[in-house]
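I have placed the structure first, in the form of structure tokens, so that the comments after it can refer back to it.
What follows draws every value from the coordinates through simple rules; no lab data is involved. Values in this document were obtained by computation on a predicted structure and should not be read as measured data. As a convention, Cβ positions derive from the backbone with ideal geometry for all residues, glycine included, and neighbour counts pool all protein chains shown.
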Amino acid sequence: MVFKIPFINHKQPEIIPEHSGENTPEHIAIIMDGNGRWAKNKGLLRTAGHKEGLSTLVKIVKAAVNCQVKMLTLYTFSTENWKRPKAEVEFILKLPKQLLDVYLPDLIANNVRINVIGDMHDLPKYTLDAMQYAIDRTAHNTGLELNFALNYGGRDEILKAIKDMYADVKDTKLSMDEVNEQIFSKYLYTAKMPEPDLLIRTGGEKRLSNFLLWQLAYTEFWFTDVLWPEFSEADFLCAIEQYKQRNRRYGGLSN
């Protein structure tokens with residue numbers, strides 16, 4: 001099935017120059033927090049914060065391309081976000097189409113490949129159509145993999161993995177004696193993805209908020225008080241530089 005999304009951006013796609021990626025984290029995950037507070041501080045509706053956050057998202061994707069990051073996973077909409085006012089939920093779930101209407105040509109030109117993780121069953125058709133179109137259009141790209149976590153929850157993911165694994169054991173496709181961390185990981189939404197090297201959370205909070213609970217076991221964390229709409233390329237580079245100075249021991253001893 002072919003999805004047609006009208007492009008309202010007619011400028012030439014912007015090609016991002018490459019910089020050295022030495023010691024750069026290969027996979028960065030981001031909790032994009034602070035849109036609502038940014039809007040409130042300016043006397044605006046919360047939806048204005050989400051719209052401004054979209055511009056930040058594009059800037060950071062370009063910065064990741066520039067730094068030769070291989071994978072970027074963005075916490076876009078959680079399983080808990082359905083609790084928000086209906087108008088705000090609808091606005092957020094229309095943002096993927098707005099993003100792709102304008103910026104998909106740039107993403108394609110910069111060899112970005114788009115992917116989605118999460119429970120797709122409850123998402124509206126306009127969100128699914130926009131994401132499927134982007135996935136299809138970028139499927140052959142070999143650069144940065146941009147993952148949108150949509151209707152995603154870490155606990156929900158783990159429970160789903162347990163149920164799917166149990167079904168395979170029951171159908172004798174899998175033996176319990178075979179089950180280990182590697183086997184279990186294959187039942188997660190992130191089965192084909194490496195675990196994040198670095199987690200960035202904006203907005204001043206210092207918690208995971210049900211994001212990638214299994215995958216972040218040995219990830220380096222970097223928190224900032226900067227609200228997502230104000231998060232800059234310089235902030236992103238600062239996080240990467242601090243990551244480079246850390247010694248990842250994975251439970252072992254320092255070198």
Test for TRP214: is it within 15 Å of THR56 (Cβ to Cβ) and not aliphatic (A, V, I, L, M): no
Selection within segment 178-225 - farther than 14 Å from HIS27 by Cβ, buried (at least 16 other Cβ atoms within 10 Å of the Cβ) and of a type in the set (A, V, I, L, M): LEU188, LEU208
Residues located in segment 35-67, provided they are small (Gly, Ala, Ser) and over 21 Å from GLU233 (Cβ atoms): GLY36, ALA39, GLY43, ALA48
Extreme residue, nearest to TRP82 (Cα to Cα), among residues of segment 104-157 that are polar (S, T, N, Q) and in contact with a Gly (Cβ under 6 Å, 6 or more places away or on another chain): ASN151
Helices (runs of 4 or more DSSP H) wholly inside segment 148-251 containing at least 2 residues that are out of contact with any strand residue (DSSP E or B) (no Cβ under 7 Å at 6 or more places or on another chain) and small (Gly, Ala, Ser): 154-170
Within segment 153-176, considering residues that are among the acidic types (Asp, Glu) and over 18 Å from ASP119 (Cβ atoms), the one surrounded by the most Cβ atoms within 10 Å (Cβ to Cβ): ASP168
Number of positions in segment 216-238 that are over 21 Å from ARG46 (Cβ atoms) and either among the acidic types (Asp, Glu) or touching a residue at least 60 places away in the same chain (Cβ under 8 Å) (or both): 8
Helices (runs of 4 or more DSSP H) enclosed by segment 28-132 - at least 2 residues per element that are without any contact (Cβ under 8 Å) to a residue 40 or more places away in the chain and not hydrophobic (A, V, I, L, M, F, W, C): 35-41, 86-109
